[in-house]
Structures are given as structure tokens and as C-alpha cells.
Amino acid sequence: MTGPTARPATTAVTFPTGATTGTATVLGTRALPGGTGVLVDTTPFHPLDHSWPDQPGDTGTLVADGVIHPVVDCVTGGIGPDGAFAVGADIPVRRGDPAWRWLVVHLVDGAAPAPGRRVTLHVDDDRRAALSAAHTGCHLMALALNEALAGRWRKEVRLDGLGHPDFDGTAVAESRIDVAGTTDRYRIGTSLRKRFDTQGLREALPGLAAEINERLAGRLAQDAPVRVETPGPELTARRRWVCELPERTVGIACGGTHVRRLGELISLTVDLALSEDGGELVVVTTPKRS
Ligand SMILES: [Zn+2]
């Protein structure tokens, strides 16, 4: 680490409010394989989470003294109790481990602004908006999928915020958000099959997709407000996606960014596919923005 602060505090983040610009002080820089990681005190940039890497890191610029430094990626970094710095998959502990300092790492290509400098941060708005639309779509899909599969549960299972058995929360193995939409992979293994009836699931997929798409279209028409609730400004705060649906306000634990109203999406549709061996259900969710 170069710079005046050897052990910066956990980064404050403003992206949960939807912010895409801000000003900050550079606390330090780190040489990384893809460029230089810039650490600041507060940022609107959303970093890829290292424990649940669903929404990609923001891109954009840091501007210091009129010099534009392109931010090509944004990842999560941590400083352990022994002072060792790690990023992304190299971090050996779970998200938010209290013994660690948690940092938003802005990866710049080329020269980085020096520690102590004031910088203006600009997130690529268009890309952020697309990722936010996809992420909101992902949560709406999860609720609609849970509802569509509700009749297949044989045993009690935890319920989602709308009171349906939480297939998404129980079976999701991977969620990947991109500007074009999301891909969610659900593991349908032996232990799930004891509780969840998979008979005829393959044949039922077209009907399930139609049911989910109809539910999603109805949700968008309701134009419910969406917000991210957070108990504090730090990167590691336990945030929640909250959507005020007419029948009930629903929340899902979430570290990402979102639209402000469901009406910002003009359509949201899913494609369902079952792997050949039936062990994995893949849901591709595609939003279109107004
Ligand atoms: Zn989320």
C-alpha cells in the first residue's frame, strides 16, 4: 500500500440509494494483475461481491485534477487482521467478516490518482441502469418462480416474502446478472427431490414459463416502488431489496442496485430449461427498459 492510510476503514457506499456520482479522497492504491486498484473513503461504485458474485462491478471514471482515469472494473477487497490485502476470490473469509476491513477496489487502467487526492467518481449510468433493471427482474422472477412451483412441495419449507415455498432461496446455486438479463441456476439434487416433486417437470416447463411471464407482466403494470434498505453506509451493511407490492411489501436480502419503480421495465420474460439429467433448472430472465 502506498499512501497515508495503511489500514483504511471499510468503504462507505452510496450506490444503494441509486447514486452514480460522488466525490472522495484517495486513501491508497494497490498494484493488481489487471491494473491499479484505487481505494477511496466513499464511492457510488458497486463492486462485484466475492461471496455471492451476482451483479458485476460498475465501470466509469475517476477524475482528479482534470485527468480522467477510466475504471475498467470494480471488485471487493479486504485487509485481514495480519494486514494482508486480498481481492475477489482470493479473500479467504466470508463477506463481512468483522476481523477484516472491507474495501471497494476501483480498477484503473494506467496511471492512478495519488493517495490524498480528491477525486470525482462517475459510474457509467447506462450500464448501471441496465444492471439495475436486470437485478430487479431477477428478484421478481424468483418470487414468480416460487409461486409457480408452490404445488410441488411435499414437505414444509421456508416461505418467501409473499408466503410461497422458497424454491429460489432453497435451490439456487448461482445467479449471474448482466446488462441483457440474468441467468439463475437451480440445483435439483437428491435431497431436494425428497421434498420437491419433479415428476413431469420437463413437460410442465412451457406452461410454467407462460404462468410466470403473465405474473411478471402483471407486476410491471402495478408499477410498485422499489428501494434498497440499509442499516448503514458501509460496504458490508446487510442490505435488503424492498418492493412495495400492492398486496404486501416484500423484501429479499441483496447487495446490488435496482430500479426505483417496476414501471421502468416495459417487459420482463423468462425462459426455463432443464438439464438433460434433470439435475439443474436454468432460468434466463430478460428485461426491457422504457
Ligand atoms: Zn439481489
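Derivation of every value follows stated rules applied to the coordinates shown; laboratory data play no part. Not measured: the values here are computed from a predicted model. Neighbour counts run over all protein chains shown; Cβ positions are idealised from the backbone, glycine included.
Near the amide H of residue 69, under 5 Å away, which other amide H atoms are found, from residues 5 or more places off or on another chain, if H is placed in the peptide plane?
Those qualifying (amide H under 5 Å, at least 5 residues apart or on another chain) are 62, 63, 64.
Distance from a point 7 Å along Cα→Cβ of residue 275 to each backbone N in region 150-194: keep the residues under 20 Å and list them by number.
Inside the label zone: 167-177, 182-194.
Each residue of region 55-64 in order: what ³J(HN,Hα) in whole Hz does its phi give by Karplus 6.51 cos²θ - 1.76 cosθ + 1.60, θ = phi - 60°, with x for Gly and Pro?
My calculation for region 55-64 gives 8, x, x, 6, 10, x, 9, 10, 10, 10 Hz in order.
Cα axis of helix 201-222 to longest principal axis of the chain: angle in degrees, 0 to 90, nearest 10?
Compared with the principal axis, the helix lies near 60 degrees.
Return the FRET efficiency for the residue pair residue 158, residue 52: r is the Cβ-Cβ distance, R0 is 22 Å, and the value is rounded to the nearest 0.05.
Between residue 158 and residue 52 the formula returns 0.75.
Under 15 Å from a point 7 Å along the Cα-to-Cβ line of residue 21: which residues of region 87-129 have their amide N that close?
Under 15 Å, as judged by backbone N against the label point of residue 21, lie 119-126 of region 87-129.
Taking θ = phi - 60°, what integer Hz values does the Karplus form 6.51 cos²θ - 1.76 cosθ + 1.60 yield along region 240-250, in sequence order, with x for Gly and Pro?
Values, residue by residue: 9, 6, 10, 10, 8, 5, x, 7, 6, 7, 10 Hz.
Before anything else, pin down the relative contact order of region 12-123: Cα pairs under 8 Å, at least 6 apart, normalised by residue count, whole percent.
That works out to 37 percent.
Can you tell me the Rg and Dmax of region 14-87, counting just the alpha carbons, in angstroms?
Cα radius of gyration and Dmax of region 14-87 are 12.7, 37 Å respectively.
Rounded to a whole number, what is D in µm²/s for the chain from Stokes-Einstein with the Kirkwood radius over alpha-carbon pairs (25 °C, 0.890 mPa s)?
122
What is the fewest-to-most order of 51, 290, 175 by other Cβ atoms lying within 10 Å of their Cβ?
Ascending number of Cβ neighbours within 10 Å: 290, 51, 175.
Just to confirm the number: angle between the C-alpha axis of helix 125-148 and the first principal axis of the chain, 0 to 90 degrees, nearest 10?
Helix 125-148 and the main axis of the chain meet at about 30 degrees.
Pairs of Cα atoms under 8 Å, at least six residues apart: use those to get the relative contact order of the chain, whole percent.
Across the chain, relative contact order equals 19 percent.
Per residue of region 97-103, what does 6.51 cos²θ - 1.76 cosθ + 1.60 with θ = phi - 60° give for ³J(HN,Hα)? Whole Hz please, x for Gly and Pro, Karplus curve as stated.
3, x, 7, 10, 8, 10, 10
To the nearest 500 deg cm²/dmol, what mean residue ellipticity at 222 nm is calculated for the chain from DSSP H runs of n ≥ 4 alone, each contributing -39,500 (n - 2.57), summed and divided by the residues?
Theoretical 222 nm ellipticity from helices: -6500 deg cm²/dmol.
Residues with amide H under 5 Å of residue 280's amide H, sequence separation 5 or more or different chain, H placed in the peptide plane at 1.01 Å from N; which?
Sorted by chain and number, the residues that satisfy this are 188, 275.
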